[in-house]
1. For Asp122, which of the numbered conditions (1) in contact with a Gly (Cβ under 7 Å, 6 or more places away or on another chain); (2) open to solvent by 10 Å² or more (accessible area, probe 1.4 Å) fails to hold?
2. Working only within segment 44-60, note down all residues that are within 12 Å of the ligand (Cβ to nearest atom) and not charged (D, E, K, R).
3. For segment 115-155, which residues satisfy the criterion of being under 19 Å from Met206 (Cα atoms) and touching a residue at least 60 places away in the same chain (Cβ under 8 Å)?
4. Taking segment 61-81 only, how many residues are in contact (Cβ under 8 Å) with a residue 60 or more places away in the chain and either touching a helix residue (DSSP H, G or I) at 6+ places or on another chain (Cβ under 7 Å) or of a type in the set (Lys, Arg) (or both)?
5. Given the options Ala110, Ala115, Ala102, name the one that is open to solvent by less than 30 Å² (accessible area, probe 1.4 Å), under 30 Å from Pro32 (Cβ atoms) and within 16 Å of the ligand (Cβ to nearest atom).
6. Just checking, does segment 61-71 include any residue being within 15 Å of the ligand (Cβ to nearest atom), open to solvent by 20 Å² or more (accessible area, probe 1.4 Å), part of a loop (DSSP other than H, G, I, E, B) and under 22 Å from Arg210 (Cβ atoms)?
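The values are calculated or read from the model by the stated rules, or taken from the named source; none is laboratory data. Just so it is clear, the model here is predicted, and its values are computed rather than measured. Cβ coordinates were reconstructed from backbone atoms using ideal geometry, including for glycine residues, and neighbour counts include every protein chain displayed. Accessible surface is based on the protein model in full, side chains and every heavy atom, while ligands, DNA and RNA are left aside. Shrake-Rupley method; radii C 1.70, N 1.55, O 1.52, S 1.80 Å.
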Amino acid sequence: MFMVLFFNNKDGVMAPATKTLTVYRQKRTGHPTPEPAGATTKRPRKKPIFVVQKHEASHLHYDFRLEIDGVLTSWAIPKGPSPDPKDKRLAIQTEDHPREYARFEGVIPAGSYGAGTVMVWDTGTYRNLKTQNNRPVSMTECLKNGRIEVWLEGKKLHGGYTLFRTKLQNGTGWLCRKIQDKHAGRQTQTGVKKQADTSVLTGRTMNEIRQDG
Ligand code: MN
């Protein structure tokens with residue numbers, strides 16, 4: 001029998017537990033990895049978090065993760081998010097990750113799933129911007145509908161970003177785009193580039209993380 005755990009938050013709204021971590025765990029079974037296993041239940045936070053992890057695996061990419069219903073809904077963005085609204089960046093949805101993953105930085109050993117170096121490139125909180133007929137649309141609904149609009153408050157990334165599901169990559173392909181706002185444009189990118197190659201968690205470069213093992 002399949003059992004789903006539920007818990008109440010302060011508003012009395014039922015939120016599903018982290019049942020979606022099954023795939024995450026399966027992919028990591030039987031291989032050595034320093035990555036967190038993840039708790040089974042999580043109370044929703046007032047301010048959900050986001051994280052962007054630079055991941056030097058077989059191909060360099062940026063893992064963009066948004067906390068939705070207690071887990072980190074995840075996309076791999078090969079080119080990383082752009083601060084320029086003219087750029088549409090392919091974002092391939094991957095398996096949900098545990099919330100603890102937002103603080104994971106290190107080296108996944110060769111032969112294990114996702115082998116390579118991981119840097120916490122940026123992290124912070126986000127706000128859901130999506131409304132319909134002047135009413136807020138929950139992140140759960142946004143995810144289901146394939147239309148996400150969030151305001152990021154990170155150390156590198158700021159302002160509005162959209163994610164739209166497309167038919168690319170059998171429906172796992174989304175497009176990530178900066179919303180036109182005061183944080184948009186190439187000027188911001190220059191600001192980002194200055195600190196782009198170090199971790200917001202430890203200040204380390206990819207080389208330093210790799211050397212530290
Ligand atoms: Mn990755």
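1. Only one criterion is unmet by Asp122, namely (2).
2. Of the residues in segment 44-60, the ones within 12 Å of the ligand (Cβ to nearest atom) are 51-60.
Listed by number, the residues that qualify are Val51, Val52, Gln53, His55, Ala57, Ser58, His59, Leu60.
3. Here is the first cut: in segment 115-155, the residues under 19 Å from Met206 (Cα atoms) are 115-123, 155.
Of everything in segment 115-155, those that are under 19 Å from Met206 (Cα atoms) and touching a residue at least 60 places away in the same chain (Cβ under 8 Å) turn out to be Gly116, Thr117, Val118, Met119, Val120, Trp121, Asp122, Thr123.
4. If we filter segment 61-81 for residues that are in contact (Cβ under 8 Å) with a residue 60 or more places away in the chain, which is where we start, we get 64, 66, 68-69, 73, 75, 77, 81.
With the extra rule that they be either touching a helix residue (DSSP H, G or I) at 6+ places or on another chain (Cβ under 7 Å) or of a type in the set (Lys, Arg) (or both), the set shrinks to 68-69, 73.
Looking only at that region, the number is 3.
5. Numbers: Ala110 fails: open to solvent by less than 30 Å² (accessible area, probe 1.4 Å); Ala115 fails: open to solvent by less than 30 Å² (accessible area, probe 1.4 Å).
When all the criteria are applied, what remains is Ala102.
6. No.
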